[in-house]
Amino acid sequence: MSAKIKLACRNVWKLYGANAETLLKANPSPSADEIRNANTVGAVRAANIEIEEGEIFVIMGLSGSGKSTLVRCLSRLIEPTSGEVLFDGVDLLKADGKALIDIRRHKMGMVFQHFALLPHLTVLQNVMFPLTIQAAPEAEAEARAREVVELVGLKGREGNYPRQLSGGQQQRVGIARSLVTEPDLWFLDEPFSALDPLIRREMQDEFLRLQGRLHKTIVFITHDFEEAVRLADRIAIMKDGEVIQVATPEKLVMNPATDYVAEFTKHIPRSKVLSLAGLMTPGAVGEGAPLLHSAKVADVAERIIASDAPLSVQDDAGQIIGAVDRMAVAKVLFGEGSTP
Amino acid sequence: MIQRFDRRTVIVLALVIVTIVLGYHGRDLSKALDMRWIVKYPSAWVLPFKSVISEAMRWLIEDAAIGPVSFTDVTRAIAWAIEQPYNLILALLATGFVSGLGNEAQVILPAVSWIVVIAAVLALGHYCRDWGLALLAGACFLYLAVFGQWDSAMVTLASVLIAVPIGAGGGLLVGVWAYRHPTGEKILSPILDLMQTIPIFAYLVPILFMFGFGPISALVATIIYATPPMVRITTMALKAVDPEIVDFGRMAGTTERQLMWRVLIPSARQSLMVGVNQVIMLTLNMVIIASMIGAGGLGFDVLAALRRLDIGAGFEAGLAIVVLAIAVDRLSQAFAERMGRMPERTTGSFVARHKRTVLVGALLLMTWTVGQVIPLLQDYPATRTLTTGAFWDDTIKYLNVNYFDQFEAVKVFFLNWFMIPIKKVLLGMPWPWAIAMLVLLGWSAGGWRLALLCGGLAGLILVSGLWAKAMVTVYLCGASVVLATVIGVPLGVWAALNRRAGVAINLFIDTLQTLPSFVYLIPVVMLFRVGDFTALIAIVLYALAPAVRYAAHGVRNVSGELVEAGLVSGCTPLQLLRHIRLPLALPEILLGLNQTIMLALSMLVITALVGTRDLGQEVYIALTKADIGRGVVAGLAIAFIAILADRLIKAGAQQARIRFGLEN
C-alpha cells in the first residue's frame, strides 16, 4: 500500500451497557459470550480498518451489523469504548471539544440517510449553514454555496424549502451542504437507501461523476452489496459488529473469506466485477485496438466475443500486458456463478 | 391454569362484595362494636401538618433572609419586574396613560381605541393567513365591543399578553435546561407532576401571601399554572428531533449553543408551537380563577355574576372569554405557521413593505387626535351595546317554571340510585379496610413499590385528618368518572367507526373544551340548584373530552390487518367490535380514563363553589380565610388522590399492553 493513510481505526470497540468500560479494562478482547454475560451489547467489536487518501471505501453490512455505529465512531459522533481513530495520523479521540469542532468545520463532511436538512431554511441557507456557523463572511459564503448548489445540479432551486423538493433533490442538497466547506474526508451514511431504485441509480452515477472531479477520501456506508460493488475501491463487510473482510470488490467475489460473504457475492454477476486483468493471459499479445486492463468484463464482452482472435490488453501506461479471448469471457458470462 | 384464573376471579369478587357490605353497614357495625374510630378517624390522632406549614410560611415571609436580602425583597423584585410591562400594556389597552392620582388624574393619552384594536387584529389575521382568518378574529373582537364586554376584555387581554410570553419563554428555557442536564430532568419531572396535579387553588393562598391581592398575584398564579406543559413539550420536542439532524449539527462543527438555538429548536419549532398554544389556552382557563386573587376583567365579571347568581351577566362574560380564546387561539396558531415560512423578500419603500403596519399606525394617530372631538372613535358608545342577558334569564326561568318536575325527577333518580349509595359505601367503609384494599390493589397492579406508594399516600391523607373529605372527593370524582366513561367511550367508538358522527362529535367535544370550566356551572346551577348533582353534571361535562378522544383514537389505531383478519374469519360488525377493536383499544381507553380522572379532580375545587363538601371545599375555605396550611394540606391531599389514580391506571394499562404483546 503505497498511498497515504487518511483515516485508520485501531482496535475500536463500542459496547453498550453499564459495565462496558470495566469489562474492556479487565478483558481487552472479550468474546461474544463474555459480552453477553456482562449485560452489554457489542455494537462494534475490534474494528481495524485503514482508509487511503482518495479512495472510496465502502462499509457494507445488513441492519444491526454495526456499520452505522462504526462510521459514527470514525467521526466521533459516538464515543468508542476503547481504541484509536487516527485522522491524518492524529488520534481523533484525544482531541478536545474545541479541536474537534475545528476538525469538523474544516476537514469533514457528512451526508445522511434521511438527508437531515433543516426544515426552516431554504436550499441555499441549508447549504450555507456550515459556513454560517463559522461566521464566514456572508457574501463569500453565499457565493461558495451557489457554486456547490450548481455543482450538484440544483441551480434555480436555491430559494426552495426542503419539503418542496423530491427525495433525490433533497439528497443533492445534503451532498452540496457536506461539500461546501471543501472537506478532505467525506462520510456518506447510506445516502441513497431512502431513494427509489431508479433515482438511486442516477444518484450513484452522479456521485461517481462528482468524485471524478473532487478526489475526496470517502467512507460510504450501505446495506446494498450491489451498490457497494458498483462504487467501491475497497469494501469492508461487517457482521454482528465485526469487520469480516476488507478487499476490493473483485477479490471479494473471487475469494470470499467466509460463507457469509459468499452469500452476498453469489448473486453478483461475475462479469460486472471482474476486470480484464484477472482474466487475460499475461504476456500474450492479441490483435486490434488494446482494451484497458481495468475494464469490467461486462462492459467489453461484446467486442471480445465478436472478435475471432484474442484482443490485446494494456495497462494504464499504454503498455500491452496480455491478451484475452472469447472463451475466457464466455466462461465468465455463462459459467458457474455468472448469473444470480 | 384455568383453575387458578377462576380462583383469582372468585377472590376478587368476594373482596368486592365484602367491601360493599362493610361500607354499607360500616357505621352500624362500628356502633355495635363500640369502635367508632374504625370509621371516623379520631381527631386526637391527627398530625398538625396545617399549623406546621402555616408556621413555615409565616417564617418565610417575615423572617427568611439570605444576608441582607430578605425573602420579601425577592418577591417584591419579581412583582416589580412583572408589573412594569403589565402596567404599560394595561395602559395601552384599557386605562390609558394617566398622570396624577385620584380626582386629580389627568389623561395624557387615552387607551388605544376599539377601532384601532379591531383594525390591528384584522391586519394580523391577514398577515398570518388570509382574509378569512382576519374576518373571524375581527368579528370576535367586534362582538366584544358590541356586547359591552370591551373594557373587561382588554384587561383580560393585557394579562394574557404578559403571562403568555413569560410562561412560554420561561418554559422553553427550563425545558432546554432539562434537555441538556438529564439529572435536571429527573429532579424536574416530579415537580412538574405535582404542579400539574395540585389544584390551582392550593397555591393561590401562598401566592396571595407573597404578592398580595391584585393583578400581579393573579399573573404569578397564571404563569405557574400555564408553564409546566411548555417545559414538558420543550424537552419532549427536543428529544424527538431526528438524531440524524443532531449528528448533522455536530458534523457541521456547531458549538453546544449553536446546536441548540440554530439546529434543534428550529427543527422542533412545530411541536414547540403546540406548547405555546397550550400556554395560551391554560392562561385563558385561569382567567376566572385568577380573578379570585385580584385579576380584574372578564374573569371577575363571571365570578361576580356567579356569586349573585346572575345567569345572564355570567353567561355573557363567560361567552366573551370563549370568544377571546377563539380569536387568540386561531391567531396564535396561524402566526406560528407563518413564522415557519421564511418571509419572501419584498422590495419597495418602507410604506410599500409594511402596508398593514402603516395603516394601523395611521388609524391610531387619527383616533388619538380626532377622537378628542368625536368620542365614537375612541370608545364604543354604551348606548349601542346589545345584551342577551335578559334572554338567558328568561330561558332559564321558562325552563324552571315549566319543566321543574322533570328536572327534579332526573335529579332525584340519580341521587337515590347512583350517587347516594356510592357515597354511603365510601363514607361508611372502615379506613383500615380501605387502606388494606388499596395496598392490595397496588400490589396486584404494580408490585410492592406501588403497594407501598398506595399505603403511604393514603396513610398521609388519613393522619392529616382529611379522610372523610377525601372520601367525598373520591365519591364525587368516581361517580363523575363512571358517568363520563359510560357516556364518553361509546361516543368515542362511534366517532371512530362512523366518519360523519365523528365530525359532529369532534365539534361537540372541541366546544366543551374551549369553554372555561365556570361556564358549565352557571346553567347547571340554574336548573338543578346547588348540590352534589349539579357538581356531578359540571364535572362530567368538563371531563368528558378525554374519554371520547382516547377511545376514538384507540379504536382508530387498531391495525387494519387485524380488522381484516377478523372480517375474513366471518366476524359480524358487533363481534369485530367486541373481540378485536375494543380489547385492542383498551390500553388507550385506560389512558383516557386517566386523563378523565385528572380533569375531574381539577374541576372539583371549582364545584366547591356550588356547595360540595369535599377537599375542594376545604381548599376554597382556606382561600377565603387565607389559611395557608389548610389550603396546602388539602391541595396536597387532592394531588395524592390524583397521583394514586394515575399510577394505578398506568400500571393497569401497562399490564394490558403486555398482555397484548404491544410492549414487553
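Couple of notes before you dig in:
- Criterion (touching a residue at least 12 places away in the same chain (Cβ under 8 Å) and assigned to a helix (DSSP H, G or I)) met by exactly one of A:ILE51, A:ILE103: A:ILE103
- On inspection, A:PRO130 does not qualify as modelled with pLDDT under 95, facing chain B (nearest Cβ under 8 Å) and either farther than 18 Å from B:GLY249 by Cα or surrounded by fewer than 17 Cβ atoms within 10 Å (Cβ to Cβ) (or both).
- Test: residue in region A:89-104 that is crowded, with 16+ Cβ neighbours inside 10 Å, more than 9 Å from every other protein chain (Cβ to nearest Cβ) and not hydrophobic (A, V, I, L, M, F, W, C): no
- Filter result for B:SER159 (part of a helix (DSSP H, G or I) and touching an Asp or Glu at 6+ places or on another chain (Cβ under 9 Å)): no
- Of everything in region A:167-179 that is in contact with a strand residue (DSSP E or B) (Cβ under 8 Å, 6 or more places away or on another chain) and of a type in the set (A, V, I, L, M), the residue that is surrounded by the fewest Cβ atoms within 10 Å (Cβ to Cβ) is A:LEU179.
- Residue satisfying all of: in region B:268-287; closer than 15 Å to B:GLY175 by Cα and among the β-branched types (Val, Ile, Thr); farthest from the other protein chains (Cβ to nearest Cβ) among these: B:VAL279
- A:MET60 passes every criterion in (1) touching a residue at least 40 places away in the same chain (Cβ under 8 Å); (2) over 25 Å from A:LEU231 (Cα atoms) apart from (2).
- For region B:423-446, the count of residues that are modelled with pLDDT under 90 and among the β-branched types (Val, Ile, Thr) is nonzero.
- Condition broken by A:GLN125, with the remaining ones in (1) over 20 Å from A:ASP189 (Cα atoms); (2) assigned to a loop (DSSP other than H, G, I, E, B); (3) within 9 Å of chain B (Cβ to nearest Cβ) satisfied: (2)
- Scanning region B:238-254 for residues that are touching a residue at least 60 places away in the same chain (Cβ under 8 Å) and out of contact with any Phe, Trp or Tyr (no Cβ under 9 Å at 6 or more places or on another chain) turns up nothing.
- Flag for A:ALA143 being more than 15 Å from A:ILE175 (Cβ to Cβ), away from chain B (no Cβ under 13 Å), in a helix (DSSP H, G or I) and without any contact (Cβ under 8 Å) to a residue 12 or more places away in the chain: yes
- When B:GLY125, B:GLY96, B:GLY148, B:GLY67 are checked against the criterion of being in contact (Cβ under 8 Å) with a residue 24 or more places away in the chain and at positive phi, a single residue qualifies: B:GLY148.
- Hits in region B:558-586 - residues which are surrounded by 11 or more Cβ atoms within 10 Å (Cβ to Cβ), outside any helix (DSSP H, G or I) and within 37 Å of the chain's Cα centre (by Cα): B:VAL558
- The sole residue among A:LEU154, A:LEU117 that is in contact (Cβ under 8 Å) with a residue 12 or more places away in the chain, under 27 Å from the mean Cα position of the chain (by Cα), crowded, with 20+ Cβ neighbours inside 10 Å and within 13 Å of another protein chain (Cβ to nearest Cβ) is A:LEU117.
- Filter pass, B:MET230 being away from chain A (no Cβ under 14 Å), of a type in the set (A, V, I, L, M) and either within 30 Å of A:SER178 (Cα to Cα) or touching a residue at least 24 places away in the same chain (Cβ under 8 Å) (or both): yes
- Being at pLDDT below 85, part of a helix (DSSP H, G or I) and out of contact with any Asp or Glu (no Cβ under 9 Å at 6 or more places or on another chain) is a property that does not hold for B:LEU536.
- Within region A:57-82, being buried (at least 20 other Cβ atoms within 10 Å of the Cβ) and either in a strand (DSSP E or B) or within 9 Å of chain B (Cβ to nearest Cβ) (or both) holds for A:PHE57, A:VAL58, A:ILE59, A:MET60, A:ARG72, A:SER75, A:LEU77.
- Check on A:LEU93, closer than 26 Å to A:ILE235 by Cα, without any contact (Cβ under 8 Å) to a residue 24 or more places away in the chain and in a loop (DSSP other than H, G, I, E, B): no
- Test for A:THR248: is it under 27 Å from A:MET327 (Cα atoms) and in the same structural domain as A:ASP224 (by TED's automatic domain parsing): yes
- Residue list for region B:224-260, filter: part of a helix (DSSP H, G or I), over 25 Å from B:LEU194 (Cβ atoms) and either in contact with a helix residue (DSSP H, G or I) (Cβ under 9 Å, 6 or more places away or on another chain) or outside the structural domain of B:GLY170 (by TED's automatic domain parsing) (or both): B:ILE245, B:VAL246, B:ASP247, B:PHE248, B:GLY249, B:ARG250, B:MET251, B:GLU256, B:GLN258, B:LEU259, B:MET260
- Listed by position, the helices (runs of 4 or more DSSP H) contained in region B:289-394 that have at least 3 residues being surrounded by fewer than 18 Cβ atoms within 10 Å (Cβ to Cβ) are B:311-340, B:350-353, B:355-370.
- Unmet requirement for B:GLY478, which otherwise passes all of (1) assigned to a helix (DSSP H, G or I); (2) more than 27 Å from B:HIS553 (Cβ to Cβ): (2)
- Number of the condition not met by A:LYS107 [criteria: (1) facing chain B (nearest Cβ under 9 Å); (2) of a type in the set (Lys, Arg); (3) surrounded by fewer than 20 Cβ atoms within 10 Å (Cβ to Cβ)]: (1)
- Only listed residue being over 28 Å from A:GLY153 (Cβ atoms) and crowded, with 22+ Cβ neighbours inside 10 Å, chosen from A:VAL243, A:VAL261: A:VAL243
- Top-ranked residue of region B:352-409 - restricted to ones that are within 12 Å of B:VAL116 (Cα to Cα) and touching a Leu at 6+ places or on another chain (Cβ under 6 Å), ranked as modelled with the lowest pLDDT: B:GLY371
- Residues of region B:253-267 that are within 7 Å of chain A (Cβ to nearest Cβ) and not hydrophobic (A, V, I, L, M, F, W, C): B:GLY253, B:THR254, B:THR255, B:GLN258, B:ARG262, B:PRO266, B:SER267.
- Within region A:43-69, the set of residues being within 18 Å of A:ASN11 (Cβ to Cβ) and acidic (Asp, Glu) comprises A:GLU50 only.
The values are calculated or read from the model by the stated rules, or taken from the named source; none is laboratory data. From a predicted model like this one, the values you see are computed outputs, not experimental measurements. With ideal geometry, Cβ positions are generated from the backbone for all residues, glycine too; neighbour counts draw on all protein chains shown.
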